[in-house]
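Undergrad: Got a structure for you, written out below as structure tokens; questions coming shortly.
Rule-based calculations on the coordinates, nothing more; no lab input. Please read these numbers as outputs of a predicted model, since none were measured by experiment. Neighbour counts are summed over all protein chains in view; Cβ atoms, including those assigned to glycine, are modelled from backbone coordinates with ideal geometry.
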Amino acid sequence: MSPSVRFSSIFLVTALCCVSCVVSTYGGPGTPPELPLPPEPETPPVAVHKGPAEIGARHILISYKGASSASPFTERNKSEAREFAEELLDRILNGEDLGKLAEEFSDDRGSAQDGGALGIFKRTDMVKPFADAAFSLEVGEVSDIVESPFGFHIIERTD
């Protein structure tokens, strides 16, 4: 046998042995090896809020110069606004009607004419501090002073 034929024979036998090892190790031709799957990426937990999906409320907003959506005619500063909101809260806690006070004093002119009524809304419809306070109230309950980018709120849950 010539050296080139002998080399070819050895090469062919070696190749067949390698294929045989691959087939016996991985289950035959066309069957991919079973490799471990990479771990699932961790997803951050989603905040789940218990309670109703929607509620109703009315409020009084006391705004101040520099607050979001404040009237250009607003002259009170932040501390004056807080003090005034505290006075209104005292009046409510002593029996005065939030709706009547909203009509007279609220800086949310859109709801003030309806006694501060905001209708039915979802948590995501409101800024977080307002929504957190409103959704934590029982029907008929009045909040403490709630600060938001718009000013200071007094909230009463109605539904």
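Undergrad: Among residues belonging to region 87-113 that are touching a His at 6+ places or on another chain (Cβ under 9 Å) and not in a helix (DSSP H, G or I), point out the one that is farthest from residue 143 (Cα to Cα).
TA: For region 87-113, the residue satisfying everything is 108.
Undergrad: List the residue pairs whose Cβ atoms are under 9 Å apart, where the first residue sits in region 64-83 and is under 14 Å from residue 147 (Cβ atoms), the second is basic (Lys, Arg) and part of a helix (DSSP H, G or I), and the two are 6 or more positions apart or on different chains.
TA: As it stands, the answer is 64/78; 64/82; 66/78; 67/78, since those pairs meet every condition given.
Undergrad: Can you name the number of the only condition in (1) surrounded by 12 or more Cβ atoms within 10 Å (Cβ to Cβ); (2) over 20 Å from residue 144 (Cα atoms); (3) among the polar types (S, T, N, Q); (4) touching a residue at least 24 places away in the same chain (Cβ under 8 Å) that residue 113 fails?
TA: Against the list (1) surrounded by 12 or more Cβ atoms within 10 Å (Cβ to Cβ); (2) over 20 Å from residue 144 (Cα atoms); (3) among the polar types (S, T, N, Q); (4) touching a residue at least 24 places away in the same chain (Cβ under 8 Å), residue 113 comes up short only on (4).
Undergrad: Any residue that is surrounded by fewer than 16 Cβ atoms within 10 Å (Cβ to Cβ) and within 21 Å of the chain's Cα centre (by Cα) - is there at least one of those in region 144-151?
TA: Scanning region 144-151, I find at least one residue that is surrounded by fewer than 16 Cβ atoms within 10 Å (Cβ to Cβ) and within 21 Å of the chain's Cα centre (by Cα), so the answer is yes.
Undergrad: Quick one: in region 62-83, of everything that is within 31 Å of the chain's Cα centre (by Cα) and in a helix (DSSP H, G or I), which residue is surrounded by the most Cβ atoms within 10 Å (Cβ to Cβ)?
TA: The extreme case among them is 81.
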